[in-house]
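Asker: Please see the structure below; I have some questions.
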Amino acid sequence: QVQLVESGGGLVQAGGSLRLSCAASGRTAMGWFRQAPGKEREFVAAISWSGGMTSYADSVKGRFTMFRDNAKNTVYLQMNRLKAEDTAVYYCAAKMTTALALTHIRPREYDYWGQGTQVTVSS
């Protein structure tokens, strides 16, 4: 069983930074997704259970970094150089896995989801 608790959303000006946190436990591959009004849920970033492998959407490469601290049961999304188009509700997701170094980019692959946290970037 996995319980996800998200935090770190808020309002920031374009060009600024935010760090999202997701408290989680268990042997899980993790992902971050976002959804803006009127749009489909979009992949943002993913990380393997080991933390050694990551995947990023093209729209955030070079700006966002995903990492985890398994000792603290926490996954992070560091978001830099934020743009107005990054505005969305961000969701943390977890997939139970036995794989050490696989990442997952499809929402349907995940088993558990956080409640979402709003990120608003003003231009």
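The values are calculated or read from the model by the stated rules, or taken from the named source; none is laboratory data. In this text the structure is predicted, and so the values were computed from the model without any measurement. Neighbour counts are summed over all protein chains in view; Cβ atoms, including those assigned to glycine, are modelled from backbone coordinates with ideal geometry. Remember, those area values only see protein heavy atoms, side chains included, never the ligands or the DNA or RNA. Shrake-Rupley method; radii C 1.70, N 1.55, O 1.52, S 1.80 Å.
Asker: Do the conditions hold for residue 58, that is, is it exposed (fewer than 15 other Cβ atoms within 10 Å of the Cβ), without any contact (Cβ under 8 Å) to a residue 60 or more places away in the chain and closer than 19 Å to residue 97 by Cβ?
Answerer: Numbers: exposed (fewer than 15 other Cβ atoms within 10 Å of the Cβ): yes; without any contact (Cβ under 8 Å) to a residue 60 or more places away in the chain: yes; closer than 19 Å to residue 97 by Cβ: no.
In short, no.
Asker: Another question, if that's okay. What residue, among those in the range 77-115 that are within 19 Å of residue 59 (Cβ to Cβ) and of a type in the set (Gly, Ala, Ser), is nearest to the chain's Cα centre (by Cα)? So that I can check it myself, show each step before the final result.
Answerer: Initially, the range 77-115 is screened for residues within 19 Å of residue 59 (Cβ to Cβ), giving 77-93, 103-107.
Going one step further and asking which of them are of a type in the set (Gly, Ala, Ser), we end up with 84, 88, 93.
Values: 84: 18, 88: 12, 93: 7 Å.
Per the criteria, the residue is 93.
Asker: Tell me, please, whether a residue that is more than 17 Å from residue 27 (Cβ to Cβ) and touching a Cys at 6+ places or on another chain (Cβ under 6 Å) can be found in the range 108-117. Steps first, please.
Answerer: Kept after step one, since they are more than 17 Å from residue 27 (Cβ to Cβ), are these residues of the range 108-117: 108, 113-117.
Imposing the further condition that a residue be touching a Cys at 6+ places or on another chain (Cβ under 6 Å) reduces the set to 114.
Within the range 108-117, one or more residues are more than 17 Å from residue 27 (Cβ to Cβ) and touching a Cys at 6+ places or on another chain (Cβ under 6 Å).
Asker: What is the one condition in (1) open to solvent by 40 Å² or more (accessible area, probe 1.4 Å); (2) closer than 16 Å to residue 107 by Cα; (3) over 11 Å from the mean Cα position of the chain (by Cα) that residue 4 does not satisfy?
Answerer: (1)
Asker: Quick check on the range 66-87. Is at least one of its residues farther than 28 Å from residue 11 by Cβ and touching an Asp or Glu at 6+ places or on another chain (Cβ under 8 Å)? Don't jump to the end; show me each part of the working.
Answerer: Let us first name the residues in the range 66-87 that are farther than 28 Å from residue 11 by Cβ, namely 70-71.
Cutting the leftovers down to touching an Asp or Glu at 6+ places or on another chain (Cβ under 8 Å) gives us none.
Checked the range 66-87: no residue is farther than 28 Å from residue 11 by Cβ and touching an Asp or Glu at 6+ places or on another chain (Cβ under 8 Å).
Asker: Continuing with this model, one more query. Scan the range 61-96 for residues that are open to solvent by 30 Å² or more (accessible area, probe 1.4 Å) and aliphatic (A, V, I, L, M) and jot them down.
Answerer: Filtering the range 61-96 for residues open to solvent by 30 Å² or more (accessible area, probe 1.4 Å) gives 61-62, 65, 67-73, 76, 78, 80-81, 83-85, 87, 89, 91, 95-96.
The answer is 71, 84, 89, 96.
Asker: May I pose another question? If I filter the range 7-17 down to residues being part of a strand (DSSP E or B) and open to solvent by less than 40 Å² (accessible area, probe 1.4 Å), which single residue comes out as nearest to residue 99 (Cα to Cα)? Full working, then the answer.
Answerer: Kept after step one, since they are part of a strand (DSSP E or B), are these residues of the range 7-17: 7, 10-13.
Going one step further and asking which of them are open to solvent by less than 40 Å² (accessible area, probe 1.4 Å), we end up with 10, 12.
Details: 10: 34, 12: 36 Å.
Among those residues, the one meeting the criterion is 10.
Asker: If you take the residues of the range 103-122 that are surrounded by 17 or more Cβ atoms within 10 Å (Cβ to Cβ) and out of contact with any Phe, Trp or Tyr (no Cβ under 8 Å at 6 or more places or on another chain), which of them is nearest to residue 17 (Cα to Cα)?
Answerer: 121
Asker: Give the residues of the range 18-28 that are assigned to a loop (DSSP other than H, G, I, E, B) and either open to solvent by 60 Å² or more (accessible area, probe 1.4 Å) or acidic (Asp, Glu) (or both), sorted by residue number.
Answerer: Residues of the range 18-28 assigned to a loop (DSSP other than H, G, I, E, B): 24-27.
Answer for the range 18-28, where residues must be assigned to a loop (DSSP other than H, G, I, E, B) and either open to solvent by 60 Å² or more (accessible area, probe 1.4 Å) or acidic (Asp, Glu) (or both): just 27.
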